[in-house]
Amino acid sequence: MLVLGIESSCDETGIALYDEKLGLIAHVLHSQIAMHQQYGGVVPELASRDHIKRLVPLLEQVLIANGLAVSAIDAVAYTAGPGLIGALLTGACFAKSLAFALGRPSIAVHHLEAHLLAAMLDDPSLQFPFLALLVSGGHTQLIAARALGDYQLLGDSLDDAVGEAFDKTAKLMGLPYPGGAKLAKLADECPAEDYKLFPPFPRPMTDRPGLDFSFSGLKTHALVTWNKSEKNMRAQRAIAYAFQQAIIDTLTIKCKRALEASSSQRLVIAGGVGANQALRTALSAMMAKRAGQIYFPRAEYCTDNGAMVAFAGFMHAQAGNFDTDDTVTVKARWPIFQA
Ligand code: KG4
Ligand code: ZN
């Protein structure tokens, strides 16, 4: 079975092919970052229009590169939510039309479930059940993944998602959009003697029970510290470091708590912030101490991509979960426990 995966929930157009025997055979991505940069954030209407332009050429590109005819596709998986409604509609309409024209089934994929399953692309030894930390631009969640399509939300962000906090903190120090990865780079470049240039940042909501997160205060703390500083590269690096450490400590404490509460020994990291190397190192050390296993998708499968959608589609195809009609249905909001 060959499954086409289509991702268009935000500002990346992703197309991938997952083959039952060969695994992932193709995966291409067009990022709209350059287009949205001048606006300092994603402009939804521009995102939708760009997806429309990219979908067909990207599909042609992967088919030609692999010497495949479009008729070789056995099922078409697409991100049906959550995400920007117009952007989702472009991928969903394309996917459902193509499936209809080919006489093949289509498969609606939950974007967050696709992020959670992405770690299995490189490591098929990963099995359900597991605990997942989903850290992206839109979500900070702790999820008990019990089986395919069976998820329990254990903790959620009360305000800014962790990736959003990274991006906003980067922006307030003048870094270009999207600044998350650039802020992380500055943090990693901070010399050890400057780690304590500023008093440590708070570890929000770690002093009370529960698994929810709140990162908007941390961004305000960064702003106040930045405004009082000399606003030079040294201050930028030290603030980036203190901010990143606060995030890492907070996430590590909450993961530990969730592992204890769920008696789980398997932790999966998913979403764009999962590409953060310092976070990976800290969580790996925590899991090693507990003699547990930790799984990360490779960095290119952490941020939005078509590979994770093709793979999630393949998993659902194996389980017999196909769309039951030709109606195009997408959901801007779609909690993972309803996946
Ligand atoms: O999963 P993703 O690609 O898109 C969403 O579905 O949100 O995540 C994007 C987020 C952005 O906020 C970006 O700044 C952040 O992930 N990000 C990082 C790093 N790489 C990407 N944050 C911290 N450190 C990184 N290395
Ligand atoms: Zn995402």
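The values are calculated or read from the model by the stated rules, or taken from the named source; none is laboratory data. All figures in this text were calculated on a predicted structure; none of them were measured in a lab. Methodologically, a virtual Cβ is constructed for each residue, glycine included, from the backbone with ideal geometry; neighbour enumeration extends over all protein chains shown.
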Output yes when any residue across segment 101-117 is surrounded by fewer than 16 Cβ atoms within 10 Å (Cβ to Cβ), modelled with pLDDT of 95 or more and either more than 16 Å from ligand 2 (Cβ to nearest atom) or farther than 19 Å from residue 307 by Cα (or both), and no when none is.
yes
Residue satisfying condition, being part of a loop (DSSP other than H, G, I, E, B) and hydrophobic (A, V, I, L, M, F, W, C), within set 153, 175, 183, 251
175
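Name the one entry in 248, 294, 269, 253 that is within 21 Å of residue 130 (Cβ to Cβ) and surrounded by fewer than 19 Cβ atoms within 10 Å (Cβ to Cβ).
253
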Counting only residues that are within 15 Å of residue 297 (Cβ to Cβ) and away from ligand 1 (no atom under 16 Å from the Cβ), how many does segment 98-124 have?
4
Residue 127 fails exactly one of (1) buried (at least 24 other Cβ atoms within 10 Å of the Cβ); (2) away from ligand 1 (no atom under 12 Å from the Cβ); (3) of a type in the set (S, T, N, Q), namely (1)
Among the residues of segment 202-219, is any touching a residue at least 24 places away in the same chain (Cβ under 8 Å), within 16 Å of ligand 2 (Cβ to nearest atom) and acidic (Asp, Glu)?
no
Give the residue, chosen from 312, 288, 261, 278, that is crowded, with 20+ Cβ neighbours inside 10 Å and part of a helix (DSSP H, G or I).
312
Read through the list (1) part of a helix (DSSP H, G or I); (2) at pLDDT 95 or above; (3) farther than 16 Å from residue 120 by Cβ, then give the number of the only condition that residue 320 fails.
(1)
Only one of (1) surrounded by fewer than 16 Cβ atoms within 10 Å (Cβ to Cβ); (2) over 26 Å from residue 169 (Cβ atoms); (3) at pLDDT 95 or above is not met by residue 158, so which one is it?
(2)
By residue number, the members of segment 156-169 that are part of a helix (DSSP H, G or I) and touching a residue at least 40 places away in the same chain (Cβ under 8 Å) are 162, 163, 164, 165, 166, 168, 169
Filtered residues of segment 228-248 (kept if assigned to a helix (DSSP H, G or I), free of Cβ contacts under 8 Å to residues at least 24 places away in the same chain and among the charged types (D, E, K, R))
228
Looking only at segment 107-154, which residues are within 19 Å of residue 83 (Cβ to Cβ) and of a type in the set (Phe, Trp, Tyr)?
151
Checking residue 173 against (1) crowded, with 20+ Cβ neighbours inside 10 Å; (2) in contact with a Gly (Cβ under 7 Å, 6 or more places away or on another chain): exactly one of these is not met. Which one?
(2)
Filter result (among the aliphatic types (A, V, I, L, M), surrounded by fewer than 22 Cβ atoms within 10 Å (Cβ to Cβ) and either within 16 Å of ligand 1 (Cβ to nearest atom) or farther than 21 Å from residue 53 by Cβ (or both)) within segment 82-97
85
Within segment 287-310, the residues that are away from ligand 1 (no atom under 16 Å from the Cβ), out of contact with any strand residue (DSSP E or B) (no Cβ under 7 Å at 6 or more places or on another chain) and among the hydrophobic types (A, V, I, L, M, F, W, C) are 288, 291
Single condition residue 79 does not satisfy, out of (1) in a helix (DSSP H, G or I); (2) within 15 Å of ligand 1 (Cβ to nearest atom); (3) of a type outside the set (A, V, I, L, M, F, W, C):
(1)
Determine if segment 172-193 includes at least one residue that is at pLDDT 95 or above and within 16 Å of ligand 2 (Cβ to nearest atom).
yes
Considering only segment 176-209, state which residues are among the aromatic types (Phe, Trp, Tyr) and surrounded by fewer than 19 Cβ atoms within 10 Å (Cβ to Cβ).
177, 195
Enumerate the pairs (first residue in segment 104-124 and touching a residue at least 40 places away in the same chain (Cβ under 8 Å); second residue anywhere and hydroxyl-bearing (Ser, Thr, Tyr) and within 16 Å of ligand 2 (Cβ to nearest atom)) with beta-carbon separation below 6 Å, excluding pairs fewer than 6 apart on the same chain, so at least 6 apart or on different chains.
109/79; 111/9; 111/79; 118/301; 121/301
Answer yes or no as to whether residue 284 is more than 30 Å from residue 6 (Cβ to Cβ), within 16 Å of ligand 1 (Cβ to nearest atom), in contact with a strand residue (DSSP E or B) (Cβ under 8 Å, 6 or more places away or on another chain) and free of Cβ contacts under 8 Å to residues at least 60 places away in the same chain.
yes
